[in-house]
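Only one structure is covered here, and it is reproduced in the block below.
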Amino acid sequence: MKAIIIGGVAAGMSAASKLKRTTPSAQIHVYERGSFLSYGACGIPYYVGGVNDDPSLLIARSREDFEKQGIRTFLRHEVISLDTSRRVVLIKDLDQGQVFEDSYDKLMIAVGCDSVMLPIPGADLPGVFYLKSMEDGLLLEKILNLPNVRSAVIVGGGYIGVEMAEALLERKLSVTLIEAADRLLTPFEPAFSGLSAQELAREGVQLRLGEKVSAIEARGNERVVHTGSA
């Protein structure tokens, strides 16, 4: 039996390891469009904030560990289409530019989701960052070490937004957090959201709840975020 897994971070590599344990004879190919396998994305804000200064600590198991287990991994390989009738996927090697097919008996799609790019003017300006992957975290950490980076605006008051507010406070930045809902961390009960808001405000975060970002404007080296009522 041959299995292809699309996506090589937490879910994909956990599934690959489980399949290899339960079916040792299985042939497993994992295709990951990024440069890293099996990392804990939840720890990225703490690397960005300098709480952890070694990104390798975010990686649960190395590529060599999986290869020794008999799991073939392909980094910087993006699956660009699949044909379920033929049971094949079409893959692009992002470094070499080559495109090729691979066949499967079983297929798992474990790519997660992309960060939402706001459908507003300026969402793609330089200086506007999205945090999802290890690569995103490595880039943002370098940006924060540049001179004259003094303030930041975070759009979104969910898990990552709140964690990033804490991380940027560690970097001694002036932090504003904008959330369209009337409270933070909406999956939790309002009382918990209130406690979180109080703590962030006490630490110096400027909270702007019930506001929706309408545009991002470039003014020289700065970016200005425009909002309105949600």
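Values quoted throughout were computed directly from the atomic coordinates according to the rules given, and no laboratory measurement underlies them. Predicted model only: the values in this text are computed from it and were never measured. FYI the Cβ positions are ideal-geometry reconstructions off the backbone, even for glycines, and counts take in every protein chain you see.
For the chain, the 222 nm mean residue ellipticity estimated from helices alone, with every DSSP H stretch of n ≥ 4 adding -39500 (n - 2.57) and the total spread over all residues, rounds to -7500 deg cm²/dmol.
Please report how far the C-alpha centroid of region 1-30 lies from that of region 87-102, rounded to the nearest whole angstrom. After rounding, the separation between the Cα centres reads 19 Å. Counting lysine pairs in region 62-170 that sit 8 or more residues apart in sequence, or on different chains, and whose Cα atoms lie under 24 Å apart gives 4. Of the peptides 126-135, 167-176, the ranking by mean beta-carbon count within 10 Å, highest at the top, reads 167-176, 126-135.
Hey, what did the chain get for relative contact order, percent, Cα under 8 Å, at least 6 apart?
Relative CO of the chain lands at 18 percent.
Select from region 1-101 those chymotrypsin sites (Phe, Trp or Tyr not before Pro) which occupy a DSSP coil region and have at most 11 other Cβ atoms within 10 Å, ordered by residue number.
Of the chymotrypsin sites (Phe, Trp or Tyr not before Pro), not one in the loops of region 1-101 has a Cβ with at most 11 other Cβ atoms within 10 Å.
Rounded to the nearest 5, what % of the DSSP beta bridges within the chain are antiparallel ones? Antiparallel bridges: around 45 percent, rounded to the nearest 5.
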